[in-house]
Amino acid sequence: MDVVTLSRIQFAITSCFHYIYPPISIGLGLMLVIMEGMYLKTKDIKYKEMTLFWIKIFALTFALGVATGLVQAFGFGTNWAAYSRFVGDVFGSALAAEGIFAFFLESGFLGIVLFGWDRVGPKFHYFSTICMTLGAHFSAVWIIVANSWMQTPAGSIIEDSPTGPRAVVTNFWEMVFNPSTVDRLTHVILACWLTGSFFVLSVAAYYLLKQKHQRAAHSMMKIGLITALIGCLLQLVSGDSSAKLISKYQPGKLAAFEGAYTTQEYSPISIIGWVDAKEQKVHSISIPGGLSFLTYFNPKTPVTGLDQIPRDEWPNVPFVFQTYHLMVLMWLAMFLTVVFGIIYWRKGKLEQKKGILRVMVSSVIFPHIAQQCGWISTEAGRQPWIVWKLLRTSAGVSPSVGAGQVVGSITMFIVVYILLFFLFIFLLDRKIKAGPEAATLDDSLYRNPLKAP
């Protein structure tokens, strides 16, 4: 393979692995705000047990997120030096803001949240939990700002420099609020909330199956079901808005999402199927006029097909089509899981429905698959542009990096990431099996070491 393809594979591996952790942190942050808020309101010890339990999992996830996120920054300078020079003025401000307003806010207050239960007042501790959660959310804000600028550049001009053309910010706020920032940020944050909700839902279902920690499990199940249902419904609205935005600014990407090779009236939307790239057609179960209606509220209005896009600007249509539809399928799986869970929960029969509980335990993976596929389809769908209509991906790689070096680094990353992932799963498994009561005991012993047996 050439250096461009290998560098893309390497960045995909490091990005996908890193992105396991930030959505968990952001989603669990919301869960912690809800749980600790319930503890302050009711003074019920079970909510403190739940909060302490999930704070420890939050801290574990945060540590892995920081460690894997550092690799991303180095990756820009090693494999994508030309791209880094091109976007440096834009990304410099956004990533600096992420470090100042997000990372330090999150990490600083995390210390108080972890170790401050008997050192600060309850209200200040809750304030710290809120600030820690805001810090996690702010990290998403600035990363999405930078990535959205790559999708819909605004607030900048292209200037010549001794090292070649580069983007220069002319209006900071126009760059920040480029046409796709708000829609994409909303979509990402809702996806993170779903990740946290289904994590809580999964653990609660596991405890109910094992008939352990049931007092906390019932409360976690209630919180998880309600937040997951709200998240699923809001995500449906957000996804519709994002598709309309893509149809306006990146019509070739939307065409790839649905395998729309030709521009036609009553453009269909595919439910399930596959793309025949050679024949340039889609074999699928589809709804005639569905894509036109969702895009323009008129089933007759043609949606721009790939026949209106220069051939050298087409993405890998079969790949993008499948990842996009897998993302949609995962949303449906999440929605149905929550609906059936709420139905049986309200009837008081959820604990007897072992099959539903087993699906709930497994459902922790649904939002992760959806997010990974969503990002893959989004990034692969804008190829061959690394910055939309301004810089091709092939022009962004480092000229001094050879294919052998990239292969070596890919191998190293795979080995290290596998070890890190198994360490994460091992520690996570220990904490979940110990349960919320153990988290409270550990906290008590930490604060009062003389009480330890």
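Here are some notes:
- Relative contact order computed over the chain (Cα-Cα under 8 Å; 6+ residues apart), in percent: 20
- The value of relative contact order for the stretch 116-179, using C-alpha pairs under 8 Å at least six residues apart, is 27 percent.
- Rounded, prolate or oblate (a/c below 1.5 giving rounded, otherwise prolate when a/b exceeds b/c) for the stretch 1-126 by Cα gyration tensor: prolate
- Charged side chains reduced to their Cβ positions (Lys and Arg at +1, Asp and Glu at -1) give the stretch 346-420 a dipole of some 620 debye around its Cα centre.
- Amide N proximity, the stretch 11-51 versus Phe421 label position 7 Å along Cα-to-Cβ, cut-off under 15 Å: 11-22
- Theoretical ellipticity at 222 nm over the chain - DSSP helices of four or more residues, -39500 (n - 2.57) apiece, nearest 500: -24000 deg cm²/dmol
- Full extension of the chain between Ile432 and Glu313 gives 38.1 nm of extra length, using 0.36 nm per residue less the Cα-Cα distance.
- One equal scatterer on each Cα of the stretch 295-414, no solvent, Debye formula: the resulting log10 I(q)/I(0) at q = 0.11, 0.14 Å⁻¹ is -0.66, -0.86.
- Extended-chain gain in nm, criterion 0.36 nm per residue less alpha-carbon gap, Trp173 and Ala96: 26.2 nm
- Calculated FRET efficiency for the pair Phe104/Glu279, C-beta based, R₀ 41 Å, to 0.05: 0.15
- Straight-line reach from Lys347: taking Cα to Cα under 20 Å and skipping same-chain neighbours fewer than 8 places apart, the lysines in range are Lys222.
- Förster radius 45 Å - calculated FRET efficiency between Asp160 and Leu332, Cβ distance, rounded to 0.05: 0.35
- Placing a pseudo-label 7 Å from each Cα along the Cα-to-Cβ vector at Cys16 and Thr301 gives an inter-label distance of 3.5 nm.
- Charge dipole of the chain about the Cα centre (unit charges at C-beta), most positive-ward option of Val397, Gly69, Ile432: Ile432
- Helices of the chain meeting both criteria, an alpha-carbon length of 30 angstrom or more along the long axis and an average Kyte-Doolittle score not below -0.5, with helices taken as full DSSP H segments, are 21-42, 45-79, 122-151, 181-210, 214-249, 317-346, 403-434.
- Of the residues Ile410, Trp274, Ala333, the one whose Cα sits farthest toward the positive end of the charge dipole of the chain, with +1 on the Cβ of Lys and Arg and -1 on the Cβ of Asp and Glu, is Ala333.
- Given charges at beta-carbon only (K, R positive; D, E negative), |dipole| of the chain in Debye: 1700
- Debye equation applied to the C-alpha atoms of the chain, log10 I(q)/I(0) at 0.07, 0.09 Å⁻¹: -0.39, -0.65
- With Cα atoms defining each centre, the stretch 274-338 and the stretch 1-25 are spaced 24 Å apart in the structure.
- Viscosity 1.002 mPa s, 20 °C: Kirkwood-radius Stokes-Einstein D of the stretch 255-311 over Cα pairs, µm²/s: 193
- Gain upon complete extension [Ile343, Lys210; 0.36 nm per residue less C-alpha separation]: 45.8 nm
Read-outs throughout are calculated quantities, based only on the coordinates presented, and are distinct from any laboratory measurement. Fair warning: this is a prediction, and the values are worked out from it, not measured in the lab. Neighbour counts run over all protein chains shown; Cβ positions are idealised from the backbone, glycine included.
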